[in-house]
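Participant: Encoded as structure tokens, here's the structure I'll be asking about.
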Amino acid sequence: MTDLLTMMGIVKEFPGVRALDGVDLDVRAGEVHCLLGQNGAGKSTLIRVLTGAHQPDAGMIRINDEPVQLNSPTAAIQRGIAAIYQELDLVPDLTVAENIFLGHEPSRYGFSRTHEANTKARAILQGLGHAEIPTHRTVGSLPAAGQQVVSMARALSRDARLIVMDEPSAVLDPEEVSNLFRVIRGLTDRGVAVVYISHRLEEIREIGDRVTVLKDGATVATGLDARQTPTKELIQLMTGRSIEYVFPPRTEVSAAAPVVLEVVDLSRPGEFAGIGFEVRAGEILGLAGLVGSGRSEVLETVYGARRAATGFVRVDGAVLRPGRVQAAVKAGVGLAPEERKSQALLLDEAVFKNITVSTLGRFASSGFLNNRAERDAASKLAVALDVRPAGVDQPVRNLSGGNQQKVVLARWLLRDCRVLLLDEPTRGVDVGARSEIYALIRELASNGVAIVLVSSEVPEVLGLSDRVVVLREGRAVHTGPAQEIDEHQVLDLVMEGSAR
Amino acid sequence: MSEDITTSSKQDTVTQPAIPRSRTDLLRSGFGRNLGLVVALVLLCIVGVATAGDTFATGANVLTILRLAAVIGVVSVGMTFVITGGGIDLSVGAMVALASVWATTLATQQLAADYHWIFMVSTALAVGAACGLVNGLLVAYGKIVPFVATLAMLASARGLAEIISDRKTQIITVGSFEDFFGGSLIGVPVLVWIFLLVAAAGWVLLNRTTFGRRTFAVGGNAEAARLAGIKVQRHTVALYVLAGLCCGIAAVMLMARTTTGSSTHGQLYELDAIAAVVIGGTLLSGGRGTIVGTVFGVLIFTTLNNVFTLNNLSISAQSVAKGAIIVVAVLLQQRLARRTTGT
Amino acid sequence: MSEDITTSSKQDTVTQPAIPRSRTDLLRSGFGRNLGLVVALVLLCIVGVATAGDTFATGANVLTILRLAAVIGVVSVGMTFVITGGGIDLSVGAMVALASVWATTLATQQLAADYHWIFMVSTALAVGAACGLVNGLLVAYGKIVPFVATLAMLASARGLAEIISDRKTQIITVGSFEDFFGGSLIGVPVLVWIFLLVAAAGWVLLNRTTFGRRTFAVGGNAEAARLAGIKVQRHTVALYVLAGLCCGIAAVMLMARTTTGSSTHGQLYELDAIAAVVIGGTLLSGGRGTIVGTVFGVLIFTTLNNVFTLNNLSISAQSVAKGAIIVVAVLLQQRLARRTTGT
Amino acid sequence: ACTSNTPKAEEDSGNKPAEQAAVKNDEPGKKVKIGFSAPAADHGWMGAITKATQAEAKKYSDVELVVAEGTNDVNLQISQVETFINQKVDAIVLLPFDGAALTPVATKAMEAGITVVNVDREFDSPFAARTTILGDNHGMGVSAGTYVCQQLKDKKDAVVAEIAGIDSLPLTQDRSKGFKEALADCGLKVSNRVAAEFTVESGEKAAANLLQAAPKIDAIWNHDDDQGVGVMAAIKNSGRKEFFVVGGAGSANVMRDIKSGSSLLKATVIYPSTQGADGVRLARLLVQKKALGDLVEVEVPRTVQLYAPVVTKDNVDQYLPTAFES
Ligand SMILES: Nc1ncnc2c1ncn2[C@@H]1O[C@H](COP(=O)(O)OP(=O)(O)OP(=O)(O)O)[C@@H](O)[C@H]1O
Ligand SMILES: Nc1ncnc2c1ncn2[C@@H]1O[C@H](COP(=O)(O)OP(=O)(O)OP(=O)(O)O)[C@@H](O)[C@H]1O
Ligand SMILES: [Mg+2]
Ligand SMILES: [Mg+2]
């Protein structure tokens, strides 16, 4: 096989950060080339150089052995490069079809051919296994997973020779991921090359052909065999140390521990119904389910960000006023929401301000902030979570996706909550930081916090929680201790409905 | 492969919100979203009929309202594009003034008198488009915030208009111009026809062309648009040129209405146009825009003025009432739109 | 567990960007960001000295500039808060007018004459704050777009001011009021002191308190702020009240300057204030704001007017030049800011 | 009987409407519906115009006045006149924002059989109005200039400053022109000129800058007395006393200042704010087909140009009663 793409000595500097410091990458036609690296290693930056979104400061790009200048996204598109970006790049008020064909709309004399666009979009979505997404619905009204599918459809809508996928599986559940892999295999069979980025090593093993590892903006290994290379070696290459990818040991939750959070018969029409559970102090309750099963909605309703139609929430025995975030916050409930960009982060603010925004009162006397105390506290957490670069003064916007996620988490770890609701807390976080986050969550629990955890990765839910609730289509289909159920059983439970 | 597809269609949760979806469509189709505006306008008309029925409900009065709406309406259509594309244009009034002055200089009028009034019209359009071009270049390539760039244009264009006209009102002496634009077609004034045409063209452009789609994209998420290969800067320039062009057209209409060109024309049109656009439901932050809403916005304001004039309210009381009515109209629209979407 | 944490701190890449970070600090600290503004102001002063040196560079003239800047400066400080918090306030000028009128009614003046001028001042502040409260409630709880809500207030407040004053200019006869606010302290007029105080208080409030921090959060991402437990609605109301209060203060200052209250006071302050705020570097879309920048913005505009007047330029030429200078100033600022950040 | 600013007129529009002709004319006749439209009341004089007009209309039981919102948008003002036409009013008293721009619609109203009375800013066609009532802008400038000349007659290098009103209005240009001409007559010129916007606030701002620009001044002519309140505030603030000030328009405040004699304000040139009120009177007469008292002529004249006298301490008592409270 010949190299379809060669990138050599790519350098990209941002003010104060050398994000890429001589990266090499070569991709062959028809292969799935995986990019591995810690959060902030420079994967997304490399991708953006490849798609013409960033201009490199040095280095050379060849396509089919021909040196090219990719000085705009258009140039890259014309050379057959398409991408699914890590941060969703959709226009919320346009429809699904319009988003898919943005920039190359089916048209005649400048008039858009809506019908043709819808038909074509439907075909692509069908190929992705999502015929059910209505092509004329606005993208903003789709849940995150649906948006991810649209993003994929957009990349497929171009007749691309090379498709880059930057953590496409972060918001997908196992079922969706296998769906995605089917699509990828179809692509590679036709000779299309795929560059695939993920922090989930199992996926690399399953779909990847070769692996390139980035560390601190430089290539540390390339051309590794995706299936044979031992995990230990990969982690060693990525992080420079060896980490056991394990969950912290559970501490027994005594039956005497008080029930802190009590959810009774909660429902919202069209989203979920009859949800009830209890969480004791020191207990971690996992919510498992497919994307769209309503887990996020349950958490947001418990938090008061959505108003329940029926049912109520009790914290320490007192009923929370429904639909009021204030009431929940006052009672000591915290929510780390799932969509970091729209729901959690102040992108233009410094990292430390993002971390302390929920805890400002602690650093203030009669309203005046003690900046030093604030920064110190934030720095401590940033170091604990391995946020990099470690300076807490830069705007969050400049951080890599995984590091942004850590900032969100840090905010809620800083706050002394009675109840912590974590929605996809490790989305996009690398393996190294992941185990540290697990440890922190467990530590919080053993300090008596009641934790509710939502994650699309079933092993994570099972490994970290004490008890699990399995949701399907907005209803709890199983509740029980985490040890007594395994991944397959959970998957069987959540998919039972699909037979019908 | 086809079996995979069917298995994955198990996600009927996704198809579940089917009812709201069709409602959402209705919303997007413009009617639901504009329901509140329609109701506000109808209420206003009812008040008009109740308080001054004999004059309000006459054809002549309706035409009066439409003629008044025409000039600011054309400006507002252009403004809708700019705002939908994520910008704002404070210089519309000044551009109208400059275009009207330039198109009525002695030289231009001489040309028009000797050959055809088309020279005056094209001068106005060219001046508007040129100012829009400058705005667009400053915003897109100079990276100056739209508010500041067009504020600068506001000052400069009006100053220039004053210099050119020497602060004198320039009277149009080209009879053919007045005859054409002052006339009527099937009982409807030419000015109103122009407004209708511009609004219709604007609607088609915004909703039925790739240009329109890209306008939404540029305003809704400029970075996404750029990554999708849209030439965001060039598109932005085009939007401001479009707004400038609309101002040129409005200048011609105002010239026809007043038979003058003057540096004082179009005062505070920026506020009027933005208000109409925003009341119509276009998002000031970009990415969402509606021509139909804008037209309603313009009609609401002009009808309000008409009803006030007919009813002989004290002028100060009119101001107070106007504020209150704006608030009520918007609240009404929100409640109704919410009910339509079911949220 | 804690050892895990320490092991990961060995990552020395982490400390690498120490030097550039301090650059960023400088930038964010305001100096770098305002470098362009400083340069623009200095250039303007050089032009002033070169063209009208003998009069421009006098202490009296500097005080004149500052006195002129004071009123609109106070309004702009309030506006900075509203805009940083993601809103906009078009009603500032009308609130100034209403507050000035209400504080100079015969009844209020009588009270002030009998007891103390503090009655006039507190009336003005109360009126401003009350209007701001209405704005805030409409925006935060009525969910009316700020542009529309405050536009309505603009119409209503000015109308109300006209009704109260019966369109008369109300002359202040309370000598003690004029004496106090017309006076000087250590050679600096009281009005300028007030401006300095308001700006300083604004700076502290925005940059050193939880209130300020929350303002950035609310303006930067209201949904995130809400989920972070900030009372977004209540905070929004507070921001508009603050702006209204600033308008009340500005009304007192204007009353002192003109010795009158009038419904024509404060015309187009909304544009002036927004322009100063935006030129200063505050983002019109919210989430980023700077009081220092705003003060520079105000000073640039006032100095510009002063230099123009000293040079006896025609008003039209002033307008044209003003537009050009705004553009140049902003471009300058951008280039310099970019150089400081190294992009 | 209606040119309120001649001493003559002052008598009858003043406190004692005793004149015979007027009494006869004042007798209620056929009901007259009059539409009135004027520019935005964004300054004192314009506010006074509307107020005086409304007050005058109230005096007549046979007059119904419809007042449209003041506006500086000619498009809106045209539409207001159109609305009056739709309403079939008997007469329209129109103070146009821009005379030329309102000419077509006024002509249309005339053609529809409505009596149009043009006030203050003149139409450019004789067919657009039955009668035109004008202040004398050029004459104002001349009067002010002449007064300044008289006061400074022996100072050849005197510094004369001018604070104009809204500079983009033709009337401001006319005033300045007249002022310049009158000064030229005695060898003086305007050394510093600034423009304000007819408002108190803008007057103060313009004057503050002006006082910096000119370190020594002998005389200032300020076009408008309402903005003059601000001008005087700025002067007071600067502590300067080396000059005298001449006002314009003739507000009651200023006249009281002149009367007190303790102010730098020594004189003002009248620009009557009763033009709209006169318009209503004439419109009523025209519709009721009455003649103007005091004239032998049985028709109302086509043009009534009001006089722009200089008010000084000596004659202020004569003008104070009709001055507008701004
Ligand atoms: N616009 C920017 N300005 C400044 N620094 C940036 C910018 N974009 C990225 N960086 C920095 O460049 C480095 C590489 O970031 P990048 O997003 O490529 O990481 P990544 O490998 O994709 O990480 P993740 O797995 O978390 O997505 C990070 O240190 C990040 O902070
Ligand atoms: N803004 C919205 N408009 C319409 N429907 C929505 C919206 N948000 C969520 N839904 C619907 O609510 C249901 C659950 O949504 P969601 O995907 O957030 O659940 P989840 O289990 O938390 O999944 P995820 O892990 O992806 O967050 C889905 O049927 C989805 O279609
Ligand atoms: Mg990344
Ligand atoms: Mg979720």
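Every read-out reported here was derived from the displayed coordinates using simple, explicitly stated rules and does not represent laboratory data. Only a predicted model underlies this, so the values are computations on that prediction, with no experimental measurement involved. Cβ atoms come from the backbone with ideal geometry, glycine included; neighbour counts cover every protein chain shown.
Participant: Sort A:K232, A:K120, A:K353 so that the residue with the fewest other Cβ atoms within 10 Å of its own Cβ comes first and the one with the most comes last. The partial results should precede the final answer.
Facilitator: On the way: A:K232 12, A:K120 18, A:K353 24.
With the fewest neighbours first, A:K232, A:K120, A:K353 line up as A:K232, A:K120, A:K353.
Participant: Still on this structure, please answer the following. Summarise the partner chain shielding of A:322-329 as one whole number: the mean count of Cβ atoms from other chains within 10 Å of each residue's Cβ.
Facilitator: On the way: counts 0, 0, 0, 7, 6, 0, 1, 5.
That average works out to 2.
Participant: Here's something else I'd like to know. Starting from the Cα of C:K231, draw a straight line to each of the aspartates and glutamates and keep only those under 15 Å, dropping any in the same chain fewer than 8 residues away.
Facilitator: C:E223
Participant: Moving to a separate point now. Once the other residues with Cβ under 11 Å from the Cβ of D:I34 are scored (Lys, Arg +1; Asp, Glu -1), what is the net sum? Before the final figure, lay out each step's value.
Facilitator: Working: positive: D:K31, D:K33, D:R281, D:R284; negative: D:E56, D:D62, D:E64, D:D90.
Once positives and negatives cancel, what remains is 0.
Participant: Give me the Kirkwood hydrodynamic radius of segment C:132-192, using the inverse of the mean 1/r over all pairs of distinct Cα atoms, in Å to one decimal.
Facilitator: Numbers: mean 1/r = 0.0680 Å⁻¹.
So the Kirkwood estimate lands at 14.7 Å.
Participant: While we're on this one: Placing +1 at every Lys and Arg Cβ and -1 at every Asp and Glu Cβ, with all other atoms neutral, what dipole size does segment D:116-255 have around its Cα centre, in debye to the nearest 20?
Facilitator: Numbers: 15 positive and 19 negative charges, 92 e Å.
For segment D:116-255, the charge dipole is close to 440 debye.
Participant: Go through segment D:186-230 and name the trypsin sites (Lys or Arg not before Pro) that are in a DSSP coil and have 13 or fewer other Cβ atoms within 10 Å of their Cβ.
Facilitator: Values: sites: D:K189, D:R193, D:K205, D:K216; in loops: D:K189, D:K216.
The qualifying sites are D:K189, D:K216.
Participant: With +1 on each Lys and Arg Cβ and -1 on each Asp and Glu Cβ, and nothing else charged, work out how big the dipole of segment C:243-343 is about its Cα centre, in Debye to the nearest 20. Mind showing how you got there, number by number?
Facilitator: On the way: 6 positive and 2 negative charges, 76 e Å.
My answer is approximately 360 debye.
Participant: Related question: What would the Debye equation give as log₁₀ I(q)/I(0) for segment B:80-140 at q = 0.24, 0.30 Å⁻¹, counting only Cα atoms as equal point scatterers?
Facilitator: Taking Cα atoms of segment B:80-140 as identical point scatterers yields -0.92, -1.18.
Participant: Net charge within 15 Å of A:G9 by Cβ-Cβ distance, Lys/Arg positive one each and Asp/Glu negative one each, not counting A:G9 itself? Intermediate values should be presented prior to the final figure.
Facilitator: Working: positive: A:K12, A:R18, A:R62; negative: A:E13, A:D21, A:D24, A:D26, A:D57.
Charge balance in the 15 Å sphere: -2.
Participant: If you don't mind, there's one more thing I want to ask. Can you tell which of A:L266, D:H43, A:A378 lies farthest toward the positive end of the dipole of the protein assembly as shown, using +1 and -1 charges on the Cβ of basic and acidic side chains (Lys, Arg; Asp, Glu)?
Facilitator: A:A378
Participant: Let me ask another. Can you give the direction-averaged projected area of the convex hull of the alpha-carbon atoms in segment C:193-283, in nm²?
Facilitator: Numbers: hull surface 27.4 nm².
Hull-based average projected area comes out at 6.8 nm².
Participant: For chain D, calculate the relative contact order in percent as a whole number, restricting contacts to Cα pairs under 8 Å that are 6 or more residues apart. Please report the intermediate quantities before stating the final value.
Facilitator: Numbers: 727 pairs, mean separation 72.0, N = 326.
Across chain D, relative contact order equals 22 percent.
Participant: Can you tell me the relative contact order of chain B? Whole percent, Cα pairs under 8 Å, sequence separation 6 or more.
Facilitator: Numbers: 551 pairs, mean separation 121.2, N = 343.
In percent, rounded to a whole number, it is 35.
Participant: What are the lysines whose alpha-carbon lies under 22 Å from the alpha-carbon of D:K241, with same-chain residues fewer than 8 places away excluded?
Facilitator: D:K153, D:K155, D:K156, D:K189, D:K205, D:K216, D:K259, D:K266, D:K313
Participant: Now for a different question. Work out the charge dipole of the protein assembly as shown with +1 on the Cβ of Lys and Arg and -1 on the Cβ of Asp and Glu about the Cα centre, then indicate which of C:G93, A:T426, D:S263 is farthest towards its positive end.
Facilitator: Looking along the dipole axis, the top candidate is D:S263.
Participant: Determine ³J(HN,Hα), in whole Hz, for all residues of segment D:132-141 in sequence, where each value follows from phi through the Karplus function 6.51 cos²θ - 1.76 cosθ + 1.60 and θ = phi - 60°; x replaces Gly and Pro.
Facilitator: 10, 10, 10, x, 10, 5, 4, x, 4, x
Participant: Which chain B residue puts its Cβ closest to the axis that rotates B onto C, and at what distance in whole Å?
Facilitator: Nearest to the symmetry axis by Cβ: B:S285, 3.
Participant: Per residue, how big is the convex hull of chain A when only Cα atoms are used? Give it in Å³.
Facilitator: Values: hull volume 79.1 nm³, N = 500.
With only Cα atoms used, chain A gives 158 Å³ per residue.
Participant: Could you tell me the calculated FRET efficiency between B:D179 and A:T6, based on Cβ-Cβ distance and R0 = 56 angstrom, to the nearest 0.05? Before the final figure, lay out each step's value.
Facilitator: Numbers: r = 71 Å, r/R0 = 1.26.
The calculated FRET efficiency here is 0.20.
Participant: Further question: Using helices alone, I'd like the mean residue ellipticity at 222 nm for chain A: each DSSP H run of four-plus residues gives -39500 (n - 2.57), total over residue count, nearest 500. List each step's numbers first, then the result.
Facilitator: Numbers: 16 runs with 159 residues, N = 500.
Roughly -9500 deg cm²/dmol at 222 nm, from the helical runs in chain A.
Participant: Highest mean first, what order results for A:187-194, A:16-23 on Cβ atoms within 10 Å?
Facilitator: Details: A:187-194: 17.4, A:16-23: 21.9.
The peptides rank, most packed first, as A:16-23, A:187-194.
Participant: What is the average number of partner chain Cβ atoms found within 10 Å of a Cβ in A:264-271?
Facilitator: Working: counts 0, 0, 0, 0, 0, 1, 6, 3.
Whole-number average of other-chain Cβ neighbours for A:264-271 is 1.
Participant: Further question: Based only on Cα atoms, what mean projected area does the convex hull of the protein assembly as shown have, in nm²? If you can, show how the numbers build up before the last one.
Facilitator: Numbers: hull surface 230.2 nm².
For the Cα atoms of the protein assembly as shown, the hull's average projected area reads 57.5 nm².
Participant: Just tell me which lysines come within less than 22 Å, Cα to Cα, of A:K232; anything on the same chain fewer than 8 places away is out.
Facilitator: Output for A:K232: A:K43, A:K215, C:K10.
Participant: Along Cα→Cβ, 7 Å out, is where each label goes; now give me the distance between the ones at A:R321 and D:Y307 in nm to one decimal.
Facilitator: 7.4
Participant: Which of the three applies to chain D, rounded, prolate or oblate, going by the alpha-carbon gyration tensor with a ≥ b ≥ c and a/c under 1.5 meaning rounded?
Facilitator: Details: a/c = 2.17, a/b = 1.72, b/c = 1.26.
Since a/c reaches 1.5 and a/b is larger than b/c, the shape of chain D is classed as prolate.
Participant: How would you classify segment C:228-343 from its alpha-carbon gyration tensor, with a ≥ b ≥ c the square roots of the eigenvalues: rounded for a/c under 1.5, else prolate if a/b is greater than b/c, otherwise oblate?
Facilitator: Oblate.
Participant: Here's another thing I want to ask about it. Given labels modelled 7 Å from the Cα in the Cβ direction, how far is it in nm from B:D166 to A:V264?
Facilitator: 8.7
Participant: Further, regarding this structure: Quick one: helix B:269-279 against the long Cα principal axis of chain B, what's the angle to the nearest 10°, folded into 0 to 90?
Facilitator: 20
Participant: Follow-up question, since we're still on this one. What share of the DSSP beta bridges in the protein assembly as shown is antiparallel, in percent to the nearest 5? Write down the numbers at each step before the final one.
Facilitator: Numbers: 60 of 133 bridges.
If we restrict to bridges inside the protein assembly as shown, about 45 percent are antiparallel.
Participant: Here is a further query. Take every Cα pair under 8 Å in segment A:419-500 that's 6+ residues apart, average their separations, divide by the length, and report that relative contact order as a whole percent.
Facilitator: On the way: 81 pairs, mean separation 20.0, N = 82.
Computed over segment A:419-500, the figure is 24 percent.
Participant: Another question, if that's okay. Measuring label to label, 7 Å along Cα→Cβ, what does B:R335 give against each other copy in nm, shortest first?
Facilitator: 5.6
Participant: Where the only charges are on Cβ atoms (+1 Lys, Arg; -1 Asp, Glu), what is the dipole of chain A about its Cα centre, to the nearest 20 debye?
Facilitator: Values: 55 positive and 63 negative charges, 213 e Å.
Roughly 1020 debye for chain A.
Participant: Label points 7 Å out from Cα along the Cβ direction at C:R335 and C:A60: separation in nm?
Facilitator: 3.8
Participant: Toward the positive end of the charge dipole of chain A, about the Cα centre and with charges on Cβ (Lys, Arg +1; Asp, Glu -1), which of A:N447, A:G332, A:L493 goes farthest?
Facilitator: A:G332
Participant: I would also like to ask the following. Count, for each residue of C:273-285, the Cβ atoms from other chains sitting within 10 Å of its Cβ, then give me the mean as a whole number.
Facilitator: Details: counts 0, 4, 7, 0, 1, 6, 5, 0, 1, 1, 2, 7, 5.
Partner Cβ neighbours, averaged per residue: 3.
Participant: Follow-up question, since we're still on this one. Rounding to the nearest 10 and keeping the result within 0 to 90°, find how far the Cα-based axis of helix D:225-238 lies from the longest principal axis of chain D.
Facilitator: 20
Participant: How charged is the neighbourhood of A:R28? Take every other residue with its Cβ under 12 Å from the Cβ of A:R28, and add Lys/Arg as +1 and Asp/Glu as -1.
Facilitator: Numbers: positive: A:R161, A:R210; negative: A:D3, A:D26, A:E31, A:D209.
So the surrounding residues net to -2.
Participant: Using the alpha carbons of segment B:257-303, what is the convex hull volume per residue in cubic angstrom, as a whole number? All intermediate terms of the calculation are to be shown ahead of the outcome.
Facilitator: Numbers: hull volume 4.5 nm³, N = 47.
Expressed per residue, the convex hull around the Cα atoms of segment B:257-303 is 96 Å³.
Participant: For chain B, take the longest principal axis of its alpha carbons; what is the angle in degrees between that and the long axis of helix B:59-84, to the nearest 10 within 0 to 90?
Facilitator: Tilt of helix B:59-84: around 60 degrees.
Participant: Just order C:190-200, C:148-158, A:62-72, D:233-243 by mean Cβ neighbour count inside 10 Å, highest at the front, would you? Walk me through the numbers on the way to the answer.
Facilitator: Values: C:190-200: 19.2, C:148-158: 27.1, A:62-72: 13.8, D:233-243: 17.3.
The densest-packed peptide leads the list: C:148-158, C:190-200, D:233-243, A:62-72.
Participant: Moving on to the next point. What is the extension gain from D:D124 to D:K289, computed as 0.36 nm multiplied by their sequence separation minus the C-alpha to C-alpha distance, in nm to one decimal? Please list the in-between numbers first.
Facilitator: Values: separation 165, 0.36 × 165 = 59.40 nm, distance 2.54 nm.
Value of the extension gain: 56.9 nm.
Participant: From the Cα gyration tensor of segment C:78-213, with a ≥ b ≥ c the square roots of its eigenvalues, which class applies: rounded if a/c is under 1.5, or else prolate if a/b is larger than b/c, or else oblate? Before the final figure, lay out each step's value.
Facilitator: Working: a/c = 2.49, a/b = 1.23, b/c = 2.02.
Oblate shape, in that a/c is at least 1.5 and b/c is the bigger or equal ratio.
Participant: Only Cα pairs within less than 10 Å get springs; with that Gaussian network setup on chain D, which residue of D:E111, D:E122, D:E181 has the largest fluctuation?
Facilitator: Of D:E111, D:E122, D:E181, the Gaussian network model singles out D:E111 as fluctuating most.
Participant: Here's a follow-up. Mean-square fluctuation check for chain C, GNM, Cα pairs under 10 Å: which of C:S122, C:S285, C:S319 is largest?
Facilitator: Answer for the Gaussian network model of chain C: C:S319.
Participant: Sort B:F301, C:F211 by Cβ crowding within 10 Å, fewest neighbours at the top. Kindly include the intermediate steps, with their values, before the conclusion.
Facilitator: Working: B:F301 25, C:F211 19.
With the fewest neighbours first, B:F301, C:F211 line up as C:F211, B:F301.
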